[in-house]
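Working notes, beginning with the structure itself.
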Amino acid sequence: MPLVVASIGWPVLDRIRIGSTFAISPHGLGIAIGFLIGGWLLGKLAPRRGVSAEHVNAIVFWSLIGAIVGSRLFYVIAHYSEFRTVGEMFAIWRGGISLLGGIAGAVLVNLPRLRAWGYRFFQVADPTSICLTLGIAIGRIGDLVIGDHLGKPTSWLLAWTYHGGTLAPPFVCRNGLCSAQLQGGHVETIQRTGAQLIDVHGTVIAMGAGVHQTAMYDMASAWLLFGLLWILSRSPRREGILTLTFGLWYGIARIVEDSLRIDKRFGPFTGSQWTSLAVAILSAGLLIWWAVHPKAPPREPDGAITGDGAVSTGSDTSGA
């Protein structure tokens with residue numbers, strides 16, 4: 001086993017059991033709390049940008065519907081070969097959702113409403129990006145509780161070590177040993193003494209004191225991004241800056257984080273990485289374009305008094 005510089009870890013908790021028949025998933029509980037707090041904050045921030053409280057409530061409600069549908073739909077599309085029946089595709093309670101799919105679903109379901117109500121997209125998206133980032137940061141706590149989104153074996157400073165409990169799928173745990181069947185015939189095992197990644201031929205191709213806990217990385221990144229967006233929002237800025245900053249930061253973060261996992265790939269990237277790459281490129285492109293072509297100040301109306309006391313006619317009399 002490689003030299004261990006440091007590591008972190010805790011016993012995982014797959015269910016909070018109430019009695020003998022009822023149980024709550026910490027994963028779902030974390031998502032719900034993050035969504036509720038994010039929705040509450042949106043109710044505080046969006047009205048400052050001219051969005052009515054009634055419309056905010058409707059946006060939050062339809063975002064919930066769109067997020068549920070989109071998160072499952074994107075996951076099913078990316079893992080279509082793993083499902084045998086249509087019923088399994090709808091069994092969201094068995095696990096399997098995509099955060100990026102949930103965001104896409106929430107956006108798409110609200111676009112017609114924003115247009116009907118006469119709001120500009122970035123007018124609503126800018127405060128939403130702050131609240132979404134906070135919701136992600138809080139929601140990821142549930143992933144950490146159940147031991148979800150585990151990556152490749154590692155022995156670096158923040159290697160996550162197994163301290164007991166039943167890990168989230170695709171891991172199956174028995175007698176203190178958890179194993180997962182991964183893409184390409186790879187098998188990853190993790191136990192208290194360390195983690196290994198074994199190829200289809202049974203050869204150990206990676207080992208470490210623990211594994212990369214990508215949900216923890218994502219949570220830390222989201223908290224940092226939330227702080228940045230909050231600071232940026234304190235001063236007047238062009239509409240869209242906050243949204244595009246979120247798209248660029250979070251897109252790059254997901255590309256890096258998913259590279260530490262073994263998941264179904266389409267070419268060199270996972271489905272989430274392809275989506276993140278597209279969002280990051282689009283966000284970076286618009287930010288660069290706006291930097292090169294800054295927004296013109298509002299045109300003075302006819303008859304307005306200029307700074308030198310002259311009256312502006314709103315027309316150019318300088319000649320050709």
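The values are calculated or read from the model by the stated rules, or taken from the named source; none is laboratory data. Being a predicted model, the structure only gives us computed values, none of them experimental. Reconstructed Cβ throughout: ideal geometry from the backbone, glycine too, with neighbour counts over all protein chains shown. Just so you know, the surface numbers come from the protein's heavy atoms only, side chains and all, with ligands and any DNA or RNA stripped out. Shrake-Rupley method; radii C 1.70, N 1.55, O 1.52, S 1.80 Å.
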Among the residues in region 55-69, are any open to solvent by 60 Å² or more (accessible area, probe 1.4 Å) and closer than 23 Å to residue 274 by Cβ? yes
Between 310, 291, 304, which is in contact with a strand residue (DSSP E or B) (Cβ under 9 Å, 6 or more places away or on another chain), more than 30 Å from residue 199 (Cβ to Cβ) and at pLDDT below 95? 304
Scan region 78-98 for residues that are in a helix (DSSP H, G or I), over 17 Å from residue 262 (Cα atoms) and under 21 Å from the mean Cα position of the chain (by Cα) and jot them down. 92, 93, 94
With respect to the numbered conditions (1) at pLDDT 95 or above; (2) part of a helix (DSSP H, G or I); (3) closer than 27 Å to residue 71 by Cβ, which one is the sole condition not fulfilled by residue 51? (2)
Among the residues of region 167-179, is there at least one that is assigned to a strand (DSSP E or B), basic (Lys, Arg), on the phi < 0 side of the Ramachandran plot and open to solvent by 30 Å² or more (accessible area, probe 1.4 Å)? yes
Considering each residue of region 100-117, count those that are open to solvent by 60 Å² or more (accessible area, probe 1.4 Å) and free of Cβ contacts under 8 Å to residues at least 40 places away in the same chain, and give that number. 4
Restricting attention to region 118-140, does a residue exist that is more than 17 Å from residue 45 (Cα to Cα), of a type in the set (A, V, I, L, M) and either surrounded by fewer than 20 Cβ atoms within 10 Å (Cβ to Cβ) or without any contact (Cβ under 8 Å) to a residue 60 or more places away in the chain (or both)? no
Hits in region 151-188 (condition: in contact with a Pro (Cβ under 9 Å, 6 or more places away or on another chain), among the small types (Gly, Ala, Ser) and more than 17 Å from residue 261 (Cα to Cα)): 164, 165
Could you run through region 227-279 and say how many residues are open to solvent by 40 Å² or more (accessible area, probe 1.4 Å), at pLDDT 95 or above and aromatic (Phe, Trp, Tyr)? 2
Would you please name the residue that is least open to solvent (accessible area, probe 1.4 Å), looking only at residues in region 74-99 that are of a type in the set (A, V, I, L, M, F, W, C) and within 17 Å of residue 28 (Cα to Cα)? 91
Just to be sure before I move on: is residue 106 of a type in the set (A, V, I, L, M, F, W, C), touching a Ser or Thr at 6+ places or on another chain (Cβ under 8 Å) and part of a helix (DSSP H, G or I) in the structure I sent? yes
Can you pull out the residues in region 218-263 that are more than 13 Å from residue 100 (Cβ to Cβ) and of a type in the set (Lys, Arg)? 234, 237, 238, 261
Of the residues in region 189-204, those that are among the β-branched types (Val, Ile, Thr) and within 16 Å of residue 263 (Cα to Cα) come to 189, 198, 200
Could you count how many residues in region 54-109 are touching a Pro at 6+ places or on another chain (Cβ under 8 Å) and at pLDDT 85 or above? 1
I'd like the full set of residues that are over 13 Å from the mean Cα position of the chain (by Cα) and within 13 Å of residue 63 (Cα to Cα), limited to region 99-121. 107, 108, 109, 110, 111, 112, 113, 114
